[in-house]
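Okay, so here's the structure we're looking at.
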Amino acid sequence: MILASALLTWDHEPVAALDPNAAAGELIALTNLNRTINGLHALLVEGGLNATARGRSDDMIARNYFSHQIPPDSTTVVDLLRTAGIPFRSVGENIAWNTAPELVSVQRASNDFMNSPGHRAQIMNARYDRVGAGVAEGLPKRMYTVVFIGAPTEEVPVAPPPEPAISPTQEPEQAEPPVSPEPPPIEAPSEPDEAPPPEMPEGPSEAPPPET
């Protein structure tokens, strides 16, 4: 299942370059802080998800688009994860961009995610246990991508129950054979999860001009 949320913000203040790797790490830290203070477990950082998220941000900057559908074939992060061989049982992606100053740009992206019901639902989804983030710059714009997954549940072997003691006059009971749990299936990426995601702007050029 894929949950998709997109966010676009506008800011007139001048910006300077930042370190994309440090910015991605800060965004993950803020994401986990927001989860833990709301009673959820922190997400584990996975290198493959970081690479996927960074590739998404780089691509949107390089080709000047803003969408969960990747042109020209409208593929999604689900396709990228499958191509990369990253297993999952659920997937989510948050994207945003802003032109805030370097020192506050990451915090602005995190705040905007948390202030948007669709993005907040992604961050607070208890089914996710892995995360990766990627940041790219095309000044004055900075693009932020966060990829969430719920990793497949590993099958745990079930030990057979101990045999009961049998007295000479007692017939042995027939025990039911142990049943190994089936891993949950990967849900179709086209189906919504909980609340439907907010509308996704197709590109920064479609954003209304800021009020002066």
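The values are calculated or read from the model by the stated rules, or taken from the named source; none is laboratory data. Bear in mind that the values here come from a model prediction, so they are computed numbers and not experimental data. Every residue, glycine among them, receives a Cβ derived from its backbone with ideal geometry; neighbour counts consider all protein chains shown. Just the protein is used for accessible areas: all its heavy atoms, side chains included, with ligands, DNA and RNA removed. Shrake-Rupley method; radii C 1.70, N 1.55, O 1.52, S 1.80 Å.
Side notes on the structure shown:
- Using a simple spin-label model with pseudo-atoms 7 Å out from Cα toward Cβ, ASN38 and ALA51 lie 3.0 nm apart.
- Ordered by solvent-accessible area of protein heavy atoms (1.4 Å probe), largest first, the residues LEU40, LEU103, LEU27 come out as LEU103, LEU40, LEU27.
- Only Lys, Arg (+1) and Asp, Glu (-1) charged, at Cβ; the range 102-158 dipole about Cα centre in debye: 260
- Taking amide hydrogens as placed 1.01 Å from N in the peptide plane, the amide H of GLY138 sits under 5 Å from those of MET143, each at least 5 positions away in sequence or on another chain.
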